[in-house]
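Read the structure below first, then the notes.
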Ligand code: UTP
C-alpha cells in the first residue's frame, strides 16, 4: 500500500514572475479553488494518509493557509456563516494529513526530495509536482494500480511534440508490458531534438522507492547546476531497479506558466 505522498513546493516559480515575487503560485485559484487543493484531493481519493509538503521560508504563506485556526474560530463566532464553517472544515481535513519540511535553498527537485528522508516509512511513496494538474481521471489511482501489479516504481508519461522535447525529461523506453505501461531504460533531462530518444515526457507523478534517498545523498548537481530527481532515478535504473512509464488517460494541464495557468481555469470550468 502507498500511504505517504510528498509535494515539492520550494521552487522559485520564476516563470510566473512578477506574481511569485510575493505570492505562492500553488495557492492561485484555478476556477475558484487553490491549485494545491486539486493535488490534495487527488491524494485523498487515491488512499494517501499523509502528505509531506516541502516548502521554504519564502513559501510560508502555504503553511499559514492550512494553519489559520484562530482566524476561522473568531470569524465563525462573529458571523455564524455556514459557508465559512464548511470552508474551515475542509481546511481542517487537509491540515490533519499535512506535515511540513523545509528546503531553504532551491538546489533542485532531488535535494527537495532528500529533505523528506527521515519521514518516509514504507518501501514506496508517491510524489506529485503541483504545477502538473491532471483532470478527468485520477492519475495517482491508476499509477498505484500499476505499482501493485508490477511491484515496481512508476512514473507518469505523456506524448509531447518532437519540437518541444527540450522542455521536458524524456524517456528512453525498453519492453512494453501492456497497452499503457513500458519499462524505462533511461530518462534524459531536457534533451535537444537530436539527443531525444523518444517524444514521451515525464509528467509530475512518481511512485518512488525509498532506496532513492541513498542515491540522493551522493548526488552531484546536473543540468543547470541543479540536483535533479531524474538523475537519481537514472542511477537506480542502472542498478536494475524496475521503473515503469505509465501512459495516463487523464487530461494534463500545465499550471507553471501564465499561459498554461489561464488555460487550466478554462478547462476546469468546462467539467
Ligand atoms: P520547477 O523547477 O519545474 O518549477 O520545479 P519552479 O522552480 O517552481 O518554477 P520555475 O521553473 O522557476 O518557474 C518543479 C517542482 O519542484 C519544486 C517546485 O516548487 C515545483 O513544484 N522544487 C524545485 C523544489 O521544491 N525545490 C527545488 O529546489 C526546485
Task: Segments 93-104, 143-154 sorted - mean Cβ within 10 Å per residue, highest first - done: 143-154, 93-104
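Can you run the Rg to Rh ratio on region 210-271? Use alpha carbon positions and the Kirkwood inverse-distance Rh.
Rg/Rh for region 210-271 comes to 1.15.
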Open item on the list: Bin width 5 Å, origin at 0, all Cα-Cα pairs of region 107-201: what percent of pairs per bin?
Closed with: 2, 10, 19, 20, 23, 17, 7, 1, 0
TODO: List the relative contact order of region 179-249 as a percent without decimals, with contacts defined as Cα pairs under 8 Å and 6+ residues apart.
DONE: 56 percent
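Taking the mean number of other Cβ atoms within 10 Å as a proxy for protection, how do you rank 131-138, 155-162 from highest to lowest? Could you put the intermediate results ahead of the total?
On the way: 131-138: 18.9, 155-162: 17.4.
Per-residue mean Cβ counts within 10 Å order the peptides as 131-138, 155-162.
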Open item on the list: Can you compute the modelled spin-label distance between residue 95 and residue 271, with each label point 7 Å from Cα toward Cβ, in nm?
Closed with: 2.9 nm
TODO: Find the centroid of the Cα atoms in region 39-82 and in region 95-134, then give the distance between the two in whole Å.
DONE: 17 Å
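Specify, per residue and in Å³, the volume enclosed by the convex hull of the alpha carbon atoms belonging to region 160-244. Provide the component values of the computation, followed by the final result.
Working: hull volume 8.6 nm³, N = 85.
Spelled out: Cα convex hull of region 160-244, divided by residues, is 101 Å³.
Using 0.36 nm per residue, how much length does the chain from residue 167 to residue 19 gain when fully extended, once their Cα-Cα distance is taken away? Before the final figure, lay out each step's value.
Working: separation 148, 0.36 × 148 = 53.28 nm, distance 2.20 nm.
Between residue 167 and residue 19, full extension yields 51.1 nm more.
At R0 = 25 Å, how high is the FRET efficiency between residue 105 and residue 149 if r is their beta carbon distance? Nearest 0.05 is fine.
Working: r = 39 Å, r/R0 = 1.55.
Once the sixth-power term is evaluated, E becomes 0.05.
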- [ ] Based solely on C-alpha atoms, express the radius of gyration and the Dmax of the chain in angstrom.
- [x] 18.7, 64
Open item on the list: Suppose the Debye formula is applied to equal point scatterers at every Cα of region 15-87; what is log10 I(q)/I(0) at q = 0.27 Å⁻¹?
Closed with: -1.24
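How high is the relative contact order of the chain? Use alpha-carbon pairs under 8 Å, at least six apart in sequence, and give a whole percent. Intermediate values should be presented prior to the final figure.
On the way: 486 pairs, mean separation 65.0, N = 271.
Reported relative contact order: 24 percent.
Since every read-out is calculated from the coordinates, none of them should be taken as a lab result. Note that the coordinates shown come from a computational prediction; the quantities given were computed from them, not determined experimentally. All Cβ positions, even for glycine, are placed from backbone atoms using ideal geometry, and neighbour counts span all protein chains on display.
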